[in-house]
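First comes the structure, then the notes that go with it.
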Amino acid sequence: MSAEGQGAQILAAASDDLANQDVLPDAKPTSLVLRLTPPAALPFVQLARLDRPIGWQLLLAPCWQSAALAGLANHGGPNLAHLALFLIGAIAMRGAGSTYNDILDRKLDAGVARTKGRPLPSGRVSVRAAAVFLVFQALIGLAVLLCFNRFTVLLGLGSLAIVAVYPLMKRVTAWPQAVLGLAFSWGALMGWAALRGELAAPALLLYASAFCWTIGYDTIYAMQDARDDAIVGIRSTARLFGAHVRTGVGLFYLGAALLAQAALLTGGGRYPAQIGLCLYCLHLAWQLRHVEGATPPMALRLFRSNWHAGLILFAGFALDGWTAALLP
């Protein structure tokens, strides 16, 4: 290769490094969000995890599943306006929760390879600016919540206590994933309440199913940081399960499947919903096949794939409701 060609390669590599120097390890450098974000706004996009949409996607999934289950119980499909509101609310509240988490964890994050480049530990944004951004996102979430009935508004406000204590749990218990499960599964109650103005057995069973599912997938996520977490004192089910991580995750995935089946039976689910549930279970089984000894990139891939699992279950519920007038 000529000197000119080698020089061009070096310049191109340097340009790529410069362009990607603020891209976090678990984000996709080629994502549309990152490509469209001005440099000055990048730290706030990262605080809200807009460059890593899997967080709001997993928060949204139980909301949509519950909305579809409620529609199914009413012999119809999910309320489309509710689905849109839950989408906006999930993005806003995931962003607010992540910003709050990063404010509290900025010193711990500085000691973990995957998180030390985040806006607060890296010094790219101040705590004061992050706090203002947190309030802004929370107000968007409140505006969405106020679009629902009074029961749903009160129910939504009830989740804030769990959200507030979650970032502290990794310091005091090996089960922070369980607290995350309580918070991230709340949508399984909200979707039902938004349509019916009450809670009933199908919603409670779906909430329990989503709780187990969250513990399972967040354990897989925590596998990425198990070594660094041990050094800085962060506790997790990934560290707790250790060499038995497949068994631990498998038990929670089994609980998620059985409880989803119970929610379907009590909610009047029929063939389309059962097909969706079977495909959901197959997806969880595929994850378990690859989780043992998974490298950090594989753990991240398995974790992200749960958005597809959640959509599969939602699609089964929704299709069941939409075809209610056609199938016996």
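Nothing in this text is a laboratory measurement; each read-out follows from the coordinates by a stated rule. The model shown is predicted, which means the values in this text are computed figures rather than measured ones. FYI the Cβ positions are ideal-geometry reconstructions off the backbone, even for glycines, and counts take in every protein chain you see.
Observations on the structure shown:
- When the Gaussian network model of the chain links Cα atoms closer than 10 Å, the mean-square fluctuations of Ile103, Ile231, Ile91 top out at Ile231.
- The chain: angle of helix 54-73 to the longest principal axis, Cα-based, in degrees nearest 10: 10 degrees
- For the range 90-118, the residues whose backbone nitrogen is under 14 Å from a point 7 Å from the Cα of Ala143, taken along Cα to Cβ, are 90-93.
- Going from the residue with the fewest nearby Cβ atoms within 10 Å to the one with the most, Val33, Val249, Val163 rank Val33, Val163, Val249.
- Counting every other Cβ atom within 10 Å of each residue's Cβ, Lys170, Lys116, Lys107 order from fewest to most as Lys107, Lys116, Lys170.
- Nearest 10 degrees, 0 to 90: helix 127-145 Cα axis against the chain principal axis: 20 degrees
- Cα-based equivalent ellipsoid of the chain: semi-axis lengths in Å, sorted from largest, via gyration tensor: 35, 23, 21
- Considering the range 54-206 at the alpha-carbon level, its Rg and Dmax are found to be 16.6, 53 Å.
- Both numbers refer to the Cα atoms of the range 29-133; Rg and Dmax are 16.7, 53 Å.
- With the convex hull of the Cα atoms taken as the outline of the range 278-319, the averaged projected area works out to 2.6 nm².
- Based on C-alpha pairs under 8 angstrom that are at least 6 apart in sequence, the chain has a relative contact order of 22 percent.
- C-alpha long axis of helix 245-267 to longest principal axis of the chain, angle in °: 30 degrees
- Most mobile listed residue (Ala96, Ala256, Ala201) in the chain, GNM with C-alpha springs under 10 Å: Ala201
- If you wrap the tightest convex hull around every Cα atom of the range 176-264 and split its volume per residue, you get 78 Å³.
- Cα centroid separation, the range 194-216 to the range 294-328 (Å): 16 Å
- The chain: most fluctuating residue of Ala188, Ala315, Ala285 per GNM, C-alpha cutoff 10 Å: Ala285
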